[in-house]
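This report refers to the structure that appears directly beneath it.
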Amino acid sequence: MLEQTYSPYNATTMGTTRASLHTLGCRLNQAETSILGEGLKRKGFELVEFGQPTDVLVLNTCSVTEDAERTSRYLIRKTLKHSPHAFVAVTGCYAQTGMEQLKRQAGIDLIVGHQFKLDLPAYLPAVHELRKRSTPDIHHTKTMARGDFDLPYFAEPDSTRALLKVQDGCSAMCSFCIIPFARGHERSRAFDDILREAESLVARGYREIVLTGVNIGQYAHGSADFVALLGRLDRVDGLERIRISSIEPTTVSEELLDLMASSKKLCPYLHIPLQSGDDQILQAMNRRHTVNAYRKLIDTALRKIPDLGIGTDLMVGFPGETDAAFQNTVAVASDLPFSYLHVFPYSSRSGTAALRIKQRVSSVSIKKRTNLLLDLDRAKRLVFHNAQIGKTVPVLFESGTQGSYRFGTTPNFTKVAVTDSDNLENHIKPVTISAAAGRCVFGDLVAPPATTNASLVLL
């Protein structure tokens, strides 16, 4: 589970009304938190770092697992300990699917479901009228509008790689997944609205955009599909990198792979969820691919894009997962050249079809299987990183340092560490990879070519 604090903040807030934001869950949630932060600033709030004393907390929640929901409740209690008078606004998937439970938690003043999520700043009282409420104000509908959408305004991303929301909702109805109930049916953002934000991000100095959504491969607006959107973004002047976030295997077309192979901007990286390497389990999950189809997709992608970085999701302990079914997952994950594995245990979700499956996997088995796949993940990362040694690659550097190192990412999503150097943030520099570790590779900045004194040449 991703957890991220929205961080562009003003630490000097004497005499101002403070607001902090915090995100649990996916990159789409992170993108939406950035939009909410922009709305709060427009309403007159000063953004402060999460965990600091605040007058308003906006918590953007996740409901994919019970742990995510538990964390949401804990963070509310934690905030009210240091800021007992803080106005607490909760939105996101847990606010949509767990509204009744949140209504009973002390200290929550506003609950906003997904239909009204980006309007949350408008529902907050004026900065001079903030006060705790005996019962929360609720803006919530059971269903979400199905129409395509624009965004109310463009956000100021808090990362070197700017998240760009292009799609929302999912109609796949995987039997384990609560997201269709939390975010509704698939719908797409207006084509021109996406382009306007991409151009705005370039004008503000962002070099890479990361396309986010729930099922982004299903993007469709007018006559434009996802490949058409990518092709148009590829022609945005000044944009240097386009990265695709998680994408379903059934939506990765030959046309998409051909564009990735030919484009100088579309990053050679795909995160394609597998979930299980056993066809019976995939069928019980209501997944739309088979193991063989998935293997063929990966083979085709690697044939077209040799330097491709490929990540995947693997679910452990889905109801009915026998030892043999799990070993099939291990075999597929071992065979395919993944650069990393995102491993997570099955979490039962109210309202999902998987609850009707009676054969449950014991918590002991789930823990054992999870640890085995985590070991495999570490091994796969190291193999992939070792294959990068000796290559000279462009690295987009992030803000901040860790110890004596500054970090950045390559087009195929390899994390690179170099010895700290000035003026690297948001710059793309060539780096020669010299060593590999489990979580990153190490490299050396390539020195720029020496300049020749023109007067000496004339002599």
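Observations on the model:
- Amide H to amide H distances under 5 Å link VAL395 with LYS429, VAL431, where only residues 5 or more positions off or on other chains count and H is placed in the peptide plane.
- Annotation: amide H of VAL88 within the under-5 Å range of LEU57, ASP109, LEU110, sequence separation 5 or more or interchain, hydrogens built in the peptide plane.
- Cα shape, the chain, gyration tensor, a/c 1.5 rule: oblate
- Cα centroid separation, the stretch 360-432 to the stretch 33-102: 30 Å.
- Counting only residues at least eight positions apart within a chain, or on another chain, the lysines with an alpha carbon under 22 Å from that of LYS103 are LYS78, LYS81, LYS117, LYS132, LYS142.
- Whole-number percent relative contact order across the chain, with pairs defined as alpha carbons under 8 Å at least 6 apart: 10
- Cross-link pairs exceeding 32 Å between alpha carbons, from the set LYS165/LYS296; LYS296/LYS368; LYS368/LYS391: LYS368/LYS391.
- A dipole drawn for the stretch 305-459 from +1 and -1 charges on Cβ atoms has a positive end, and of PHE338, VAL393, ILE357 the residue lying farthest that way is ILE357.
- At a Cβ-Cβ separation cutoff of 4.7 angstrom, cysteine residues of the chain with no neighbouring cysteine are CYS26, CYS62, CYS93, CYS170, CYS267, CYS440.
- The residues neighbouring PHE442, those whose beta-carbon lies less than 15 Å from its own, together hold a net charge of +4 under the Lys/Arg +1, Asp/Glu -1 convention.
- At most 13 other Cβ within 10 Å, DSSP loop - chymotrypsin sites (Phe, Trp or Tyr not before Pro), the stretch 179-286: none
- Whole-number percent relative contact order across the stretch 21-98, with pairs defined as alpha carbons under 8 Å at least 6 apart: 35
- Heavy-atom accessible surface of the chain: percent carbon and sulfur, 1.4 Å: 51
- On a per residue basis, the chain carries 45 Å² of accessible surface, using protein heavy atoms and a 1.4 Å probe.
- Using the Karplus relation 6.51 cos²θ - 1.76 cosθ + 1.60 with θ = phi - 60°, the per-residue 3J(HN,Hα) values for the stretch 381-393 come to 4, 5, 4, 5, 5, 4, 5, 8, 4, x, 7, 9, 10 Hz, with x marking Gly and Pro.
- For the stretch 263-358, the normalised intensity computed at q = 0.15, 0.16, 0.19 Å⁻¹ comes to -0.62, -0.69, -0.91 (log10 of I(q)/I(0), Debye sum over alpha carbons, equal scatterers, no solvent).
- Over the chain, dividing the summed -39,500 (n - 2.57) contributions of all DSSP H runs of at least 4 residues by the number of residues returns a 222 nm mean residue ellipticity of -9500 deg cm²/dmol.
- Rounded to the nearest 10 Å², the accessible area of HIS221 at probe 1.4 Å: 60
- Farthest positive-ward along the stretch 81-130 dipole, Cα basis, beta-carbon charges - from PHE116, ALA126, GLN96: GLN96
- Lysines with Cα under 23 Å of LYS367, excluding same-chain neighbours fewer than 8 positions away: LYS358, LYS380
- Available extension along the chain between ALA190 and SER263 is 23.9 nm, counting 0.36 nm per residue and deducting the alpha carbon span.
- Partner aspartates and glutamates whose Cα lies under 17 Å from the Cα of LYS41, excluding those fewer than 8 positions away in the same chain, are identified as GLU32, GLU49, ASP55, ASP119, GLU129, GLU156, ASP158.
- Derived scalar couplings ³J(HN,Hα) [the stretch 180-195; Karplus, 6.51 cos²θ - 1.76 cosθ + 1.60; whole Hz; x for Gly, Pro]: x, 7, 7, 10, x, 6, 4, 8, 10, 7, 4, 3, 5, 5, 4, 5
- Integer Hz, Karplus 6.51/-1.76/1.60 couplings in order for the stretch 200-205, x for Gly and Pro: 5, 5, 4, 5, 8, x
- Label-to-label distance, HIS427 versus ARG295, with points set 7 angstrom from Cα along the beta-carbon direction: 4.7 nm.
The values are calculated or read from the model by the stated rules, or taken from the named source; none is laboratory data. All values derive from a computational prediction rather than experimental measurement. Because the Cβ atoms are built from the backbone with ideal geometry, glycine has one as well, and the counts that use them run over all protein chains shown. What goes into the accessible areas is simple: the full protein's heavy atoms, side chains included, and nothing from ligands, DNA or RNA. Shrake-Rupley method; radii C 1.70, N 1.55, O 1.52, S 1.80 Å.
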